[in-house]
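Computed from the coordinates by the stated procedures, all read-outs in this text should not be read as laboratory data. None of the values given here were measured: they were computed from a predicted structure. In this analysis, Cβ positions are derived from the backbone assuming ideal geometry, glycine residues included, and neighbour counts consider all displayed protein chains.
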Amino acid sequence: MRKIFLRCMVTALAFLPLSAMAQKEPIKIGIVQAQTGALADSFGIPSAQGAILAMEQINARGGIDGRQLVAVSRDDRTSIEPTVIAFQELVRDPDLLAIIGPSTSGAAMAVRQIIDENQIPELSIAYGTALTASNYSWYYRVGPSLETGNQALLAAIVKHLGKGQRLATLALADAGGNDGARDAKRRAPSYGMTAVDSEDYRYGDTDFTAQLTRIKSSGATALLSLTQGIATNAMIRAVEQLGMDKMMIVGPNGLADAQSQALAGNRLNGVVFWDYACLDDPANQNLPALKRDYLARYNKPLSNGAINGYDMMRMIGVSLQSLADENKPLTRANLNDKLDHLSFDGIGTNYRFTSEWHNGPHLEQIPLCTFQNGKRIPWTP
């Protein structure tokens with residue numbers, strides 16, 4: 001009877017589809033982004049969606065060595081405590097090879113020890129300067145940092161207005177915002193500027209009249225506004241109400257993100273910002289296909305946050321594929337080694353990571369954009 005049973009089993013296996021016999025365990029990638037909270041609409045949700053879109057495209061091409069990528073998603077709620085809990089949970093799964101996120105610099109700093117102790121690569125949009133100052137062997141910034149972004153923006157002010165400008169800053173009172181404001185103030189003299197005022201705000205603030213009144217009194221001719229979404233809207237409305245239309249306004253990509261545009265509209269005309277790509281750049285041949293695919297998948301227009309998430313997942317994908325091509329085990333350590341030597345052409349800029357540089361694109365690779373009547377186009381002095 002045993003021999004008959006074994007012959008039947010062999011016969012049955014012979015008729016199984018090859019895909020069932022060759023099925024491999026999936027590769028898990030963590031996504032910890034704000035799905036609720038202050039940064040959900042402007043960055044967290046689009047970033048997660050962009051990452052999922054890239055993952056689906058990789059899987060549609062056969063995955064990595066026949067293994068499908070699977071997202072393990074958590075909501076960081078634009079807050080430190082939920083981020084720490086999410087990371088603590090995810091790193092315990094040995095089959096999870098990398099984490100994309102979180103959304104804020106403070107939360108990214110809070111989980112630094114977790115990723116170091118568990119030796120898992122982390123890719124994030126967080127742009128606080130401290131994130132790549134030290135102990136960043138497992139952390140990769142995908143997008144300009146505040147310090148390189150500040151250099152690009154301060155240079156833009158000089159190109160547009162000349163030297164001798166009076167610089168004010170408006171920043172979120174968190175690790176990233178405070179770092180960015182201090183960095184700009186420190187760099188201002190080397191660009192022939194005087195730092196005259198530094199203002200801050202909290203998540204959820206909707207009235208910046210007091211801050212902008214003080215900035216106006218300082219005689220500022222340029223404002224570095226480290227804002228996005230609701231905060232950008234509050235800033236630009238105060239600028240308009242106080243008649244500060246001659247002041248040049250510069251900032252990170254959140255200054256003119258989709259939520260900022262929806263709230264402030266053409267009040268944003270003329271602001272200058274760094275981004276992952278100028279969304280309406282007619283010369284960027286990567287954008288049309290991604291815009292089409294994102295619209296088909298999510299029924300909404302592409303945003304800069306989605307571009308960032310898309311590029312982060314593709315970085316992981318090409319690094320894993322390189323390991324598979326070399327017949328190397330797909331492990332956290334091997335993936336980190338590939339990321340540590342990664343040269344990658346993103347949708348709008350280039351990344352060249354080395355052991356000494358995990359700090360996003362180099363200064364000369366940062367796209368500078370301006371907002372004009374609903375379009376984000378390359379900025380020229």
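About the Cα centre of the range 257-328, what is the dipole size in debye to 20, counting +1 per Lys and Arg Cβ and -1 per Asp and Glu Cβ, all else neutral? All intermediate terms of the calculation are to be shown ahead of the outcome.
Numbers: 7 positive and 8 negative charges, 55 e Å.
Taking the Cα centre of the range 257-328 as origin, the dipole is about 260 debye.
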Inset, instruction - Please tell me which of these pairs span more than 20 angstrom C-alpha to C-alpha: 163/185; 291/338; 216/375; 24/338? - result: 291/338; 216/375; 24/338
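Give, in nm to one decimal, the length gained when the segment between residue 213 and residue 72 is fully stretched (0.36 nm per residue of separation minus the Cα-Cα distance). Don't skip to the end; give the middle numbers.
Details: separation 141, 0.36 × 141 = 50.76 nm, distance 4.55 nm.
Gain in length upon complete extension: 46.2 nm.
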Legend entry - Under Karplus coefficients 6.51, -1.76 and 1.60, residue-wise ³J(HN,Hα) of the range 252-260 in Hz, glycine/proline x: x, 5, x, 4, 9, 6, 4, 5, 4
Inset, instruction - Describe numerically, in nm with one decimal, the distance between label points set 7 Å from Cα along Cα→Cβ at residue 331 and at residue 65. - result: 1.2 nm
Inset, instruction - Work out, step by step, the length gained on full extension between residue 161 and residue 324: first 0.36 nm times the residue separation, then minus their alpha carbon distance; give nm to one decimal. - result: 53.5 nm
Legend entry - Cut-off under 5 Å, modelled amide H: who pairs with residue 271 long-range: 371
Legend entry - Hz values of 3J(HN,Hα) by residue in the range 143-152 - Karplus curve (6.51, -1.76, 1.60), Gly and Pro given as x: x, x, 7, 5, 6, 6, x, 4, 4, 5
Inset, instruction - Would you mind calculating the gained length between residue 194 and residue 135 on full extension (0.36 nm times residue separation, minus the Cα-Cα distance), in nm to one decimal? - result: 18.0 nm
Inset, instruction - Once you have a ≥ b ≥ c as the square roots of the Cα gyration tensor eigenvalues for the range 241-381, tell me rounded if a/c is under 1.5, and otherwise prolate or oblate according to whether a/b is larger than b/c. - result: prolate
Inset, instruction - Go through the range 351-363 residue by residue and turn each phi into a ³J(HN,Hα) via Karplus (6.51, -1.76, 1.60, θ = phi - 60°); whole Hz please, and just put x for glycine and proline. - result: 10, 9, 7, 9, 4, 9, 9, 10, 9, x, x, 5, 3
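For the range 140-250, rounded, prolate or oblate, judged on the Cα gyration tensor with a ≥ b ≥ c (square roots of eigenvalues), a/c < 1.5 rounded, else prolate if a/b > b/c?
Numbers: a/c = 1.72, a/b = 1.08, b/c = 1.59.
Note, shape of the range 140-250 comes out oblate.
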Legend entry - Furthest towards positive pole of dipole, 204, 165, 175, structure part the range 159-229, Cβ charges: 165
Inset, instruction - Go ahead and run the numbers for FRET between residue 285 and residue 375, Cβ-Cβ distance against an R0 of 25 Å, rounding to 0.05. - result: 0.90
Inset, instruction - Name the long-range amide H neighbours of residue 73: under 5 Å, sequence gap of 5 or more, or other chain; modelled H, no Pro or chain starts. - result: 31
Legend entry - Among [x] 0.93; [y] 1.06; [z] 0.98, the entry derived from the coordinates for Rg/Rh (Cα atoms, Kirkwood Rh): [y]
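Given Cβ point charges of +1 (Lys, Arg) and -1 (Asp, Glu) and nothing else, what value in debye, to the nearest 20, does the dipole of the chain about its Cα centre take? Write down the numbers at each step before the final one.
On the way: 36 positive and 37 negative charges, 114 e Å.
In debye, rounded to 20, the chain gives about 540.
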Inset, instruction - Could you list which residues have their amide H under 5 Å from that of residue 195, counting only those 5 or more apart in sequence or on another chain, with H placed in the peptide plane? - result: 167
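Using a ≥ b ≥ c from the Cα gyration tensor of the range 41-113 (square roots of the eigenvalues), is it rounded, prolate or oblate, where a/c under 1.5 gives rounded and otherwise the larger of a/b and b/c decides, a/b for prolate?
Working: a/c = 2.99, a/b = 1.54, b/c = 1.94.
Here the range 41-113 falls in the oblate category.
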Legend entry - Nitroxide proxy distance, nm - points 7 Å out along Cα→Cβ at residue 25 and residue 292: 3.9 nm
